[in-house]
1. Can we say V39 is surrounded by 14 or more Cβ atoms within 10 Å (Cβ to Cβ) and assigned by TED's automatic domain parsing to the domain that holds N144?
2. Do we have K165 as under 18 Å from K119 (Cα atoms) and either assigned to a helix (DSSP H, G or I) or in contact with a helix residue (DSSP H, G or I) (Cβ under 6 Å, 6 or more places away or on another chain) (or both) here?
3. May I ask you to list the residues in segment 32-51 that are under 25 Å from G143 (Cα atoms) and aliphatic (A, V, I, L, M)?
4. Among the residues of segment 52-80, which ones are in contact with a strand residue (DSSP E or B) (Cβ under 6 Å, 6 or more places away or on another chain) and over 18 Å from T138 (Cβ atoms)?
5. Look at E30 and say whether it is surrounded by 14 or more Cβ atoms within 10 Å (Cβ to Cβ) and among the acidic types (D, E).
6. Can you confirm whether segment 17-28 contains a residue that is at pLDDT 95 or above, in contact with a helix residue (DSSP H, G or I) (Cβ under 8 Å, 6 or more places away or on another chain) and outside any helix (DSSP H, G or I)?
7. Looking at (1) part of a strand (DSSP E or B); (2) touching an Asp or Glu at 6+ places or on another chain (Cβ under 8 Å); (3) in contact (Cβ under 8 Å) with a residue 24 or more places away in the chain, which is the one condition that is false for L82?
Amino acid sequence: MSNLDSFIRIPKERVGILVGPEGKTKTYIEGNMKVKLEVDSEDGGITIKLLKDQDDPSMLLRAKDLVTAIGRGFAPEIAFRLIRNEDDVFDLVDLRIVFGRSEADIKRIKGRIIGSEGKTRRLIEELTEANVTIYGHTVGIIGNYEEADAARNAVQMIIEGCEHKTVYRYLQRKRTEMKKEKMQLWETPTKDR
């Protein structure tokens, strides 16, 4: 492995999703990011190498985020936001860091993040415009920096024990702020007469 390689391990059951039918997902990633993915389907090990014609070394980190996102439960089509929009980021909250190996606590918090019939996760996505997935002991988030930050804050509030209505109020307020900022970007300054 050269210093322009990166290695990560994803759950074995996600390797097939990373590779895709007839290798199409892997080929799409390699072609669009100018990287080579070496996949070990036995243990889920993935080595990512920059191709010689890739002149942006940061693409190695972006490819690592993309592979990790698919490995942590995102559908490839959603993870491809990281290819299509350079402002999008991937964020991962590892519930083991907060709760250790307590499966009961992790299961309880995952249930609170998902909410009754998926309501909480759905509201986090709708109000922030970020994508959120809960897989194993992790919560994955994809969105632009502001969207991902708002979604992560909402998840953190739930982890800390805030009531759902408090989290929903926070998300409503953040959505209003983000909409205002977007509107200000589109407004054209007018001259005073």
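1. Working: surrounded by 14 or more Cβ atoms within 10 Å (Cβ to Cβ): yes; assigned by TED's automatic domain parsing to the domain that holds N144: no.
The answer is no for V39.
2. Details: under 18 Å from K119 (Cα atoms): yes; either assigned to a helix (DSSP H, G or I) or in contact with a helix residue (DSSP H, G or I) (Cβ under 6 Å, 6 or more places away or on another chain) (or both): yes.
In short, yes.
3. M33, V35, L37, I46, I48, L50, listed by residue number.
4. Result: L60, A63.
5. Working: surrounded by 14 or more Cβ atoms within 10 Å (Cβ to Cβ): yes; among the acidic types (D, E): yes.
Taking the combined requirement at face value, the residue satisfies it.
6. yes
7. The number of the failed condition is (1).
Table: residues versus (1) assigned to a loop (DSSP other than H, G, I, E, B); (2) at pLDDT below 95; (3) not hydroxyl-bearing (S, T, Y).
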{"residue": "E86", "(1), (2), (3)": "yes, yes, yes"}
{"residue": "F90", "(1), (2), (3)": "no, no, yes"}
{"residue": "V132", "(1), (2), (3)": "no, no, yes"}
{"residue": "R173", "(1), (2), (3)": "no, no, yes"}
{"residue": "E181", "(1), (2), (3)": "no, yes, yes"}
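The values are calculated or read from the model by the stated rules, or taken from the named source; none is laboratory data. Bear in mind the structure is a predicted one, so any value in this text is a computation, not a measurement. We place every Cβ from the backbone using ideal geometry, glycine too, and count neighbours over all the protein chains shown.
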